[in-house]
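Working notes, beginning with the structure itself.
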Amino acid sequence: MLFIHVLAQAAAAAVPEAVAQPQQGVIAYPPAFFESFRPTNALEMVERVPGFTFDEGDSVRGFEGAAGNVLIDGQRPAAKSDGLDQILTRLPASQVERIELIRGGAPGIDMQGKSVLVNVVRKQGAGFRGLIAASTKYVADDGRNTPAFRLEGSGESNGRAWEAGMLVAQGVDDGAGDGPRIRLDAQGRPLIRSFVESEGTVTFQGVFTGAYETPLADGKLRLNARLFLNEFNYDEQNYLQFPTVAKEFDQWGEDEKEIELGARYTRSFGPRTSLETVLLQRNADEHFGETFRSPADSVFFTLDQQTGESIARSVLKHRRSDSLSFEAGAEGAFNWLESETDYALNGQPQPVPAANVRVEEKRGELFGKATWQARPSLSFEAGVRQEASRISSDGDVELEKTLYFTKPRFAATWAPDAATQLRLRIEREVGQLDFDDFVASTEFNTGGDVQAGNPDLEPEQAWVAEAAAERRFWGSGAVVLTLRHYELSDVIDRAPIFTSSGAAFDAPANIGSGVKQEVAVSLTLPLDGFGLKRAQLRGQSTWRRSEVTDPTTGEERSISGSRPLDWEAHFSHDVPQWRLTWGVDAYGAWRETYYRFNEVNVRKLKTFVSPFVDWKARPDITVRAEIQNATERGFRRTRYRYAGPRGSAPLEYVDDRDIQFGRVFYVRVRKTFGG
């Protein structure tokens with residue numbers, strides 16, 4: 001006990017204290033808390049908040065469901081395609097007044113369905129700030145260099161503020177590489193032996209952003225815009241060595257263009273009532289083309305796809321008292337997709353279900369909630385959302401349907417002491433339909449088939465029960481244990497779809513009910529008490545178990561793509577006399593299993609390790625060096641192919657590819673201007 005007490009005293013003395021009382025649900029961290037890590041932007045500060053795991057949100061339709069778990073000045077950015085991590089990266093650390101950790105809810109804060117949020121509070125009245133950065137990645141295996149250049153600026157004057165940013169870059173796909181491939185029959189005898197050489201490159205990526213904020217009609221208006229351009233090429237040569245010497249080629253590429261415009265208007269009606277309105281328009285255009293050639297077959301596939309999304313959302317907030325607040329609002333959205341698909345085998349056009357379709361969704365939602373802080377240590381949140389949507393499809397698939405969902409939510413938070421908090425959440429979640437499930441896709445290079453689209457999907461639903469226990473220690477230490485149970489219905493997985501000629505294609509489908517459990521642990525451990533001053537170890541891990549009924553075999557199995565285990569760990573050590581921070585980031589190995597009607601596909605990615613050094617050459621110049629993928633981890637893909645539907649047809653073959661990708665050396669120089 002004496003040893004633990006000494007460690008606690010040493011660690012607490014080494015870390016600046018956060019302000020505010022933990023049992024009130026909000027802990028505020030001033031800039032001094034992060035000084036030893038010398039952050040340059042808000043993202044680097046957010047990632048250092050004890051007991052917090054950053055979530056940038058989901059890329060789904062609608063505004064509410066896409067929320068991440070970080071607010072800026074108490075508000076969520078009026079953007080979807082502009083990643084929350086990128087928004088925080090563009091916010092200089094010198095502009096941050098404090099970081100607030102909100103646990104379990106607080107009056108007047110829209111938790112966006114999250115149990116824990118971070119609120120980045122900016123300084124007011126700052127002048128011009130700018131950043132220029134240049135970097136490059138060198139791929140040791142093949143000598144590729146992929147440079148990147150970033151330029152940003154922002155300023156504020158007389159209540160008006162502006163931001164502008166530009167990123168131009170190239171990149172590499174670390175899921176491609178070289179390695180052996182073998183195909184065995186059901187008795188384990190080799191059918192094919194070959195060696196794969198593959199390379200994926202982002203030949204051009206451009207991201208251009210801008211924002212302007214100004215007072216308007218007794219309120220505040222913020223406008224933002226983003227243009228995203230991306231070109232990617234993949235090239236693979238598969239050298240067959242057995243049973244004959246030959247070569248297979250697979251080349252595919254995609255061009256993407258996305259434009260997003262957003263606006264947010266906020267106005268206060270007295271000290272306790274405010275109105276927030278968000279408008280968002282997003283349009284995207286994508287072209288995908290793939291050519292596959294083998295000694296036996298020639299395959300050609302193209303997909304042209306355009307999507308659009310229009311969102312309007314308004315929320316009225318009222319604080320009845322310092323301990324009780326209410327919210328009510330509405331959201332409307334119009335989403336559409338048009339796709340055209342061509343698929344030819346040996347020069348002959350082939351039919352594909354849902355190859356050419358236009359899908360539209362009109363969706364509306366009304367919602368209300370209340371937050372009550374019964375005592376400084378006890379708070380409750382209750383709310384309900386009512387959603388209605390109409391989905392229609394024209395083209396190859398003609399359908400029209402209307403869906404209604406009621407989504408209640410209840411959450412409670414109790415802090416028995418200043419270092420402990422317990423959280424409980426019960427909620428009905430309704431997933432957002434992914435338009436990518438509505439159109440066809442391919443897996444030619446791994447021997448797979450065309451996979452059909454399916455516009456006739458219903459959103460996946462779940463009753464979720466979540467319990468979390470958090471314990472804070474040693475000034476900046478925290479451990480959080482979270483348990484979640486999901487009762488699922490209308491699970492979206494895979495099932496066969498048949499054409500009029502009787503040909504079978506694998507496609508997304510609702511396959512019934514299921515269950516899922518998760519156990520998540522996160523840890524922030526200061527190492528001062530162990531003799532390593534200004535060092536920290538952060539980590540998180542999630543264990544999952546899921547169960548659904550396979551539509552092909554009728555047997556119980558896990559949900560396709562569900563990873564049994566995810567983990568990551570980050571060690572960092574600040575050395576002020578050398579003006580540097582060094583450390584190691586490790587992202588754990590994972591496994592995904594996908595169940596098609598005639599095959600099982602297992603994907604395994606090995607552990608990714610990257611040591612790094614950040615050196616502050618001058619107060620305004622930072623140099624970062626990394627060795628990415630220091631362990632030269634690879635990506636393994638194993639396909640168990642059946643002669644027909646699994647369960648009734650025999651195993652035809654097992655195809656295994658073990659692709660290796662080597663080390664990447666990364667260097668970045670960043671210079672800041674202004675305050």
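Please treat every number below as a calculation from the coordinates, not as lab data. In this text, all values refer to a predicted model and were calculated from it rather than measured experimentally. Cβ coordinates were reconstructed from backbone atoms using ideal geometry, including for glycine residues, and neighbour counts include every protein chain displayed.
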> Label Val515 and Leu184 with points 7 Å out from Cα along Cα→Cβ: what is the distance between them in nm?
Replying inline: 3.5 nm
> Residue separation times 0.36 nm, minus the C-alpha to C-alpha distance between Ser501 and Thr631: what's the value?
Replying inline: 41.8 nm
> To the nearest 10 degrees, how steep is helix 2-14 against the longest Cα principal axis of the chain, on a 0 to 90 scale?
Replying inline: 80 degrees
>> Could you tell me the center-to-center distance, by alpha carbons, between the range 497-548 and the range 373-452 in angstrom?
In response: 16 Å
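Report the local net charge at His573: Lys and Arg +1, Asp and Glu -1, summed over other residues whose C-beta lies under 14 Å from its C-beta.
+2
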>> Given Cβ point charges of +1 (Lys, Arg) and -1 (Asp, Glu) and nothing else, what value in debye, to the nearest 20, does the dipole of the range 246-318 about its Cα centre take?
In response: 940 debye
> How about Lys80: which lysines have a C-alpha closer than 25 Å to its C-alpha, ignoring those fewer than 8 places off in the same chain?
Replying inline: Lys114, Lys123, Lys220, Lys257, Lys317, Lys362, Lys369, Lys407
>> Out of the trypsin sites (Lys or Arg not before Pro) in the range 534-581, which ones are loop residues according to DSSP with at most 14 other C-beta atoms within 10 Å?
In response: none
> In nanometres, what is the gap between the two model label sites at Val669 and Phe242, each 7 Å from Cα along Cα-to-Cβ?
Replying inline: 5.2 nm
> What are the lysines whose alpha-carbon lies under 30 Å from the alpha-carbon of Lys606, with same-chain residues fewer than 8 places away excluded?
Replying inline: Lys137, Lys247, Lys516
>> Could you work out how much longer the chain between Ala140 and Ile621 gets when fully extended? Use 0.36 nm per residue separation minus the Cα distance between them, nm to one decimal.
In response: 170.5 nm
>> Quick check: the distance between the Cα centres of the range 578-613 and the range 251-308, to the nearest angstrom?
In response: 27 Å
> How far is it, in nm, from the label point at His485 to the one at Arg272 when both lie 7 Å from their Cα along the line to the Cβ?
Replying inline: 4.0 nm
> Counting Lys +1, Arg +1, Asp -1, Glu -1, what net charge surrounds Gln251 among other residues with beta carbon under 10 Å of its beta carbon?
Replying inline: -3
> For the chain, with only Lys/Arg (+1) and Asp/Glu (-1) charged at the beta-carbon, what is the dipole magnitude about the Cα centre, in debye rounded to 20?
Replying inline: 3000 debye
> Can you give me the relative contact order of the chain as a percent, contacts being Cα pairs under 8 Å and 6 or more apart?
Replying inline: 11 percent
>> If I compute volume of the Cα convex hull per residue in Å³ from the structure I just sent, which labelled value in (1) 224; (2) 185; (3) 160 lines up?
In response: (3)
